[in-house]
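Here's the structure, in structure tokens; my notes come after.
Quick note: the coordinates plus some simple rules give every number you see, no bench work behind them. Computed from a predicted model, the values in this text were never measured in an experiment. Cβ atoms come from the backbone with ideal geometry, glycine included; neighbour counts cover every protein chain shown.
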Amino acid sequence: MRRLILIAIPYVWLLALFLIPFVIVVKISLSDTALARPPYFPQWDWSLGWAGIKDFFAELDFENFWFLTTDDLYWKAYLSSLRIALISTLMTLLVGFPIAYGMARAPEHWRPTLMMLVILPFWTSFLIRVYSWMGILSQNGLLNALLLGIGVIDEPLIILNTDTAVYIGIVYTYLPFMILPIYAALEKLDGSLLEAAEDLGCSRLSAFWLVTVPLSKQGVIAGCFLVFIPAIGEFVIPSLLGGSETLMIGKVLYEEFFSNRDWPVASAVAVILLLILIIPIVLFQRNQQKQAEAEG
Amino acid sequence: MPQKIFAPWDDPQEKPLIRFQNVTKRFGDFTAIDSIDLDIYAREFFALLGPSGCGKTTLMRMLAGFETPSSGTILLAGQDIAPVAPNQRAVNMMFQSYALFPHLSVWDNIAFGLRREKRPKDQVAARVEEMLKLTRLTKFARRKPHQISGGQRQRVALARSLAKAPKLLLLDEPLGALDKKLREETQFELMDIQEKTGTTFVIVTHDQEEAMTVASRVAVMDEGKLMQIATPDRIYEAPNSVYVADFIGDVNIIEGKAHQVGELVQLDWAEGQPALAARTDKNLGLAQTCYLAIRPEKVSISADRPGGANALQGEIIDIAYLGNLSTYHVKLPTGHVIKAQQANTRRISRRPFTWEDKVWVSWTETAAVVLDQ
Ligand SMILES: Nc1ncnc2c1ncn2[C@@H]1O[C@H](COP(=O)(O)OP(=O)(O)O)[C@@H](O)[C@H]1O
Ligand SMILES: [Mg+2]
């Protein structure tokens, strides 16, 4: 019995905090908008009994999903989100890998300090950090002042409210999620493997490609997923740093909910986003499982 | 048919494969290798023996190219190897930790070095199969390193380092992780492989039995210095110092003052005791402090006073039963404890001596080695 309860706890947790909300969102996505509170129809009417339930299900339909296909705003937003998430994941990898590599190569007594520096930004509110990027990137912000000051440019660069600012924001925000798993993989790497590779005829560079890269692959994959998955649904960064033409699904979602008060369409957008994300998440889990097997 | 004995080190015509010339290696102000001179010949199975931290691995790593000497030169086949990068040396190393690539199968681990040489595929495959057969790993070729046992991993590491047919193979404590029985088996396997391939092996070990078993010559190291380089039997029978005698096997050391007449040395070792006699070809000064080193198996033990040169009476204080042998610890009136070893040719109940028996220990003039350091 105790065992049963122990096993049940995580399932109850998942049920309460994931599955039930998800079912509610799906239900709303199948409803119609209404000028009411809450702003959708049908509502579950307990007083009518069995007939009420039948009526309720009769009113549900896929109209909102159909609507999403009629307006090209939505699929453009999905595609643009995918593109931005992919590109920024790649950029985060390009920035994060050398940092993780440097950390893993640093003298052992420095490593805790370096690790601390990587996670230090988490101690400040995410929102404040994004706002401060606005201060840095704006036309009369710190960056332009610096570049103008040392004479690299004559005219201030326009970075804020463009896609570039969004990329900077995402790379900056999610960098620790890329660095930490890669660092964990690289730190485990036994230095004598690289010597063995050299002993067997590798140059330093080919030893890196043939030994370091494959052995840090799991960390790279984990880091990429940890960046990609939140980046695709990112809302704060594109709305604060992006311009009017920066199209991301998180922003669309927000506008449907709060500006249009169209909960059913917003829910449909969210359900599709979740389906898009489930594919990489399943891949990610399969990868984790394979890793566990390989180590076990 | 008389067989030619393998002893290139005795032949002044022979050129060494490796020559250390006054090599020193310092880490900061710590001297790990202290002006070493050493010649190792082709086809030798050379063992470096010494306690942990005496610089064995450092010596190997200089040969492999992972460390450069602070001063002195290392010649490989007559050429200074200092400017040659590790990946260009005809030297392969079997690492103390094996350093197998965990993401590659046994087959790919062995093929790793061959592929770097850009050999054609079928040649690589043929060579890998040959190595697998040699190390009896054919059945495990598709497995990953974590799916095989410690002994098999060690053989993969050996196969991988042999695959490129190096001029020189370095083995850094290759058998350290194995249990005794497997280690002994593998020692013979190593000797067999060395004979078959004709590669020069340099093996590092801190196990003196292992060094004696496999090596054509043994170098005993202490704190970065070479104490003695000789064949296993010379190291055992004719150590050049108390350190070497003590490091290799069991030994009785008696300190005293020497009085030499020709080859015969009389050692005054304790007040009121007759001097001990030993033969030597050394020339010792009058009353010079020196040491007698006598192996326990060369000390005989008897109830009655024997005839020979050196006979001392004492009492048995301890008996170590080793199965085939027993070591008797005999305490002399002077306080010295002499170890004497005897083969157990009779059943234990018929053993002639037991605790607290008064016995005589004795050895011949030639049994003891006279050491002056
Ligand atoms: N890279 C290094 N930096 C500083 N000291 C070292 C280094 N490598 C080895 N040493 C020191 O040199 C000595 C010899 O080491 P090593 O050759 O590994 O000994 P062994 O293999 O005989 O046990 C040790 O005292 C060790 O601490
Ligand atoms: Mg060592």
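Over the protein assembly as shown, what portion of Cα pair distances is larger than 33 Å, expressed as a whole percent?
In whole percent, the long-distance tail amounts to 67.
I need to check one value: relative contact order of chain A, counting alpha carbon pairs closer than 8 Å and at least 6 residues apart, in percent.
It comes to 26 percent, rounded to a whole number.
Let me see the P(r) profile for segment B:8-243: every Cα-Cα distance counted, bins of 5 Å, each bin given as a percent of all pairs.
1, 6, 14, 18, 20, 16, 12, 8, 4, 1, 0, 0
Need one number: % antiparallel among DSSP beta bridges in the protein assembly as shown, to the nearest 5.
75
Considering only C-alpha atoms, what is the centroid distance from segment B:153-171 to segment B:254-290, in Å?
Each part's Cα centre sits 49 Å from the other's.
Mind listing the Cα extents of segment B:195-236 along all three principal axes, in Å, largest one first?
Here the Cα extents, ordered largest to smallest, are 34, 21, 16 Å.
Under 5 Å between amide H atoms, partner at least 5 residues away or on a different chain: which partners does B:ALA368 have, H built in plane at 1.01 Å?
B:ARG279
Count charges around A:TYR174 for me, please; just the other residues with Cβ under 14 Å from its Cβ, Lys/Arg as +1, Asp/Glu as -1.
Residues close to A:TYR174 contribute a combined charge of 0.
Among A:LEU60, A:TYR74, A:PRO42, which residue has its Cα positioned farthest towards the positive end of the charge dipole of segment A:25-110, with +1 placed on the Cβ of Lys and Arg, -1 on the Cβ of Asp and Glu, and the dipole taken about the Cα centre?
A:TYR74
Taking K and R as +1 and D and E as -1, what net charge do the other residues with C-beta under 9 Å from the C-beta of B:THR57 add up to?
0
Given segment B:250-371, what count of lysine pairs have C-alpha atoms under 15 Å apart, with each pair 8 or more places apart or on different chains?
Value for segment B:250-371: 5.
Out of residues 5 or more away from B:LYS225 or on other chains, whose amide H comes under 5 Å of its own, with H placed 1.01 Å from N in the peptide plane?
Distant-sequence amide H within range of B:LYS225: B:ASP34.
Calculate for chain A the 222 nm mean residue ellipticity that helices alone would give, adding -39,500 (n - 2.57) per DSSP H run of length 4 or more and normalising by residue count, nearest 500 deg cm²/dmol.
Calculated mean residue ellipticity at 222 nm is -22500 deg cm²/dmol.
Rounded if a/c is under 1.5, else prolate if a/b is larger than b/c, else oblate: which is segment B:250-371, with a ≥ b ≥ c the root eigenvalues of its Cα gyration tensor?
Prolate, because a/c is 1.5 or more and a/b exceeds b/c.
Less than 23 Å apart at the alpha-carbon level, and either on another chain or at least 8 residues along: which lysines does that give for A:LYS290?
A:LYS188, A:LYS217, B:LYS144
State to the nearest 20 debye the size of the charge dipole of chain A about its Cα centre, where the only charges are +1 on K and R beta carbons and -1 on D and E beta carbons.
780
Treating only the Cβ atoms of Lys and Arg (+1) and Asp and Glu (-1) as charged, compute the dipole magnitude of the protein assembly as shown about its Cα centre; round to the nearest 20 debye.
Rounded to the nearest 20 debye, it is 1360 debye.
Just check chain A against the gyration tensor rule for me: Cα atoms, a ≥ b ≥ c as the square roots of the eigenvalues, rounded for a/c under 1.5, and otherwise prolate or oblate depending on whether a/b exceeds b/c.
oblate
With unit charges on the beta carbon (Lys/Arg positive, Asp/Glu negative), name the residue among B:THR366, B:ALA258, B:ILE316 whose Cα is farthest towards the positive pole of the charge dipole of segment B:250-371.
Of the options given, the answer is B:ILE316.
If you place +1 on the Cβ of every Lys and Arg and -1 on the Cβ of every Asp and Glu, how big does the dipole about the Cα centre of segment A:194-291 come out, in debye to the nearest 20?
Computed about the Cα centre, the dipole is about 240 debye.
Please report B:ILE316, A:ILE232 as a ranked list, fewest other C-beta atoms within 10 angstrom at the top and most at the bottom.
Neighbour counts put them in this order, fewest first: B:ILE316, A:ILE232.
Add -39500 (n - 2.57) for each DSSP H run of 4 or more in chain B, then divide by its residues: what number comes out at 222 nm, to the nearest 500 deg cm²/dmol?
-6500 deg cm²/dmol
What order do you get for A:ASP163, B:ASP281 when you list them from fewest to most C-beta neighbours inside 10 Å?
Least crowded to most crowded, the residues run B:ASP281, A:ASP163.
First select every other residue whose beta carbon is under 14 angstrom from the beta carbon of B:TRP269; then total the charges, Lys and Arg +1, Asp and Glu -1.
For residues surrounding B:TRP269, the net value is -2.
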